[in-house]
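To start, the structure itself, in structure tokens.
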Amino acid sequence: MNLTDATHDPALTSWVESANVADSDFPIQNLPFGAFRRAKTDEPVRIGVAIGDQVLDLRLAAEQCPWTNGVTDLLAPLAAGDLNAFMALGPNAWRRVRAALSAALAEGSDQGPFLELCLVPQSDVEMQLPCRIGDYTDFYTGIHHATAVGQLFRPDHPLLPNYKWVPIGYHGRTSSIGVGPQTVRRPRGQVKRPDRDAPDVGPSQRLDYELELGAFVGVGNALGEPVPIDRAEAHLFGMALLNDWSARDIQAWEYQPLGPFLAKNFASTISPWIVTMDALAPFRRPFAHPPGDPAPLPYLDSEFNRAHGAIDVTLEVWLRTAAMRQRGLPAQRLMQSNFLDAYWTLAQLLAHHTMGGCNLQPGDLMGTGTLSGPQPGQGGSLLELSRGGRQPLTLASGETRAFLADGDTVVLRAYCTGVGARRIGFGDCTGTVVG
Ligand code: MN
């Protein structure tokens, strides 16, 4: 099966010069969707596509550029600022619009002179949440995270017996999802210290980030109608970075028996641009559980999932403290991992989520869980990198961190590279802690 088409050709270049720079996150092969408004205006939110260091304003583009009739119809929800309505149209519509945008933005396109007037510099816009997120589920597909965190709490049996059979997840909080760059207020909560009889109430002293990807549902499903895994891919629209901020001290006291609550619901930050599943096609990889592990149950298994279920996405966490900012020091990379190390694929998550009849809707968000790598320095949270806070990291500035301090800026980054493919990136997912 050929997953790629002319829009993925690594030789393709754009008349938007900044898109042709080798390390641009947004070359013409990417074309991610986001929502924006021009900075310091009250204009209605518009949908745009990132190209180089510019945003293509799709409302202007629909109005001011000639398109074939079919494409004009498909652009209508985007021109109206309603990404959810476009997500609901399904893969054929997504691919037709991608092909049309790719052709229009390509070097030598007749549409260039029209679309040139529809570009806004990314530095002149304020990004908004890309779509209405009705529901948010956070999974736990990072087996190296689950093992490392389990070791802190249960050295003898870090991984619970269900882990290799069932994709673990919980229903999260949507109202506190924001788009980066944003400030995140340190939460207060109940914390029970081991040497005290009663909990104390105060600001979290063990504030952490979680490096995750989030997958956006495109086409929904009706209540009571599960999506089988061989149709699950057609329901997935795209992905963004997700920082699932976590207060570890609050979490440790409250999590039993029902799981995370106030430790997670104070803020989650996503990156502004949704990189579509179509853009990720060149980076699909075979998927299998490690030898000796149980094979996925039949409802979590398909030929396509085995051949193409995994996605090669390099992930990074960068940190810049207030002192580093004051001294003019750049952000420091704390770790690097890859989505290939996840234990379940997105199609498996969607098939599992709906198997009991749960209905997903366009714009719903599924977090992958913390994506740690197998090596000790590849923890996707400070909880792992500092071994539960016992081994603080020493930063290039000479400062140490077991958990986040006020003024710390956390930047999640992700990009895809591969043989015969143009590098694409996700853009930054940035949040700064304030007290
Ligand atoms: Mn999480």
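With a 10 Å Cβ neighbour count serving as the proxy for reagent exposure, in which order, fewest first, do 344, 165 appear?
165, 344
Given +1 on the Cβ of Lys and Arg, -1 on the Cβ of Asp and Glu, and no further charges, what dipole in debye does the stretch 192-255 carry about its Cα centre, rounded to the nearest 20?
Here the stretch 192-255 has a charge dipole of around 120 debye.
Compute log10 of I(q)/I(0) for the stretch 308-429 with the Debye formula, placing one identical point scatterer on every Cα and leaving out solvent, at q = 0.15, 0.22 Å⁻¹, to two decimals.
After summing over all Cα pairs, the log10 values are -0.83, -1.27.
Could you give the nm distance between label points at residue 289 and residue 116, where each point is 7 Å from its Cα heading toward the beta carbon?
Those two pseudo-labels are separated by 5.8 nm.
How big is the antiparallel share of DSSP beta bridges in the chain, given as a percent to the nearest 5?
85
What dipole magnitude, in Debye to the nearest 20, does the chain give about its Cα centre under +1 on Lys/Arg Cβ and -1 on Asp/Glu Cβ?
The dipole of the chain has a size of about 1060 debye.
Please express the shape of the chain as an equivalent ellipsoid: the semi-axes are the square roots of 5 times the eigenvalues of the C-alpha gyration tensor, given largest first in whole angstrom.
So the equivalent ellipsoid measures 36, 26, 20 Å along its semi-axes.
Sort 53, 156 by Cβ crowding within 10 Å, fewest neighbours at the top.
156, 53
Given the Cα atoms of the stretch 213-259, and with Rh set as the inverse mean 1/r over their pairs in the Kirkwood sense, what is Rg to Rh to two decimals?
In the stretch 213-259, Rg relative to Rh is 1.17.
Run the reach check for residue 264 against lysines, Cα to Cα strictly under 26 Å, same-chain hits fewer than 8 apart removed. What comes back?
Here the lysines satisfying the reach criterion relative to residue 264 are 164, 192.
Based on Cβ point charges of +1 for Lys and Arg and -1 for Asp and Glu, what charge dipole magnitude is obtained for the stretch 1-150 about its Cα centre, in debye rounded to the nearest 20?
It comes to approximately 360 debye.
Determine, for each peptide in 221-231, 195-205, the mean count of other beta carbons within 10 angstrom over its residues, then list the peptides with the highest first.
221-231, 195-205
Determine, at each q value in 0.14, 0.19 (inverse angstroms), the log₁₀ of I(q)/I(0) that the Debye formula gives when each Cα of the stretch 53-211 is one equal point scatterer.
Debye curve over Cα of the stretch 53-211, log10 I(q)/I(0) at q = 0.14, 0.19 Å⁻¹: -0.94, -1.27.
As an exercise, identify the chymotrypsin sites (Phe, Trp or Tyr not before Pro) in the stretch 167-235 lying in DSSP coil whose Cβ has no more than 15 other Cβ atoms within 10 Å.
none
Whole number please: convex hull volume per residue, Cα atoms of the stretch 251-295, in Å³.
174
Of 40, 264, 164, how do they rank once you tally other Cβ atoms within 10 Å and put the fewest first?
Lowest count first: 40, 164, 264.
Computed from the coordinates by the stated procedures, all read-outs in this text should not be read as laboratory data. Everything quoted here is computed from the prediction, not taken from an experiment. When we count neighbours, we look across all protein chains shown, and the Cβ atoms used for this are built from the backbone with ideal geometry, even at glycine.
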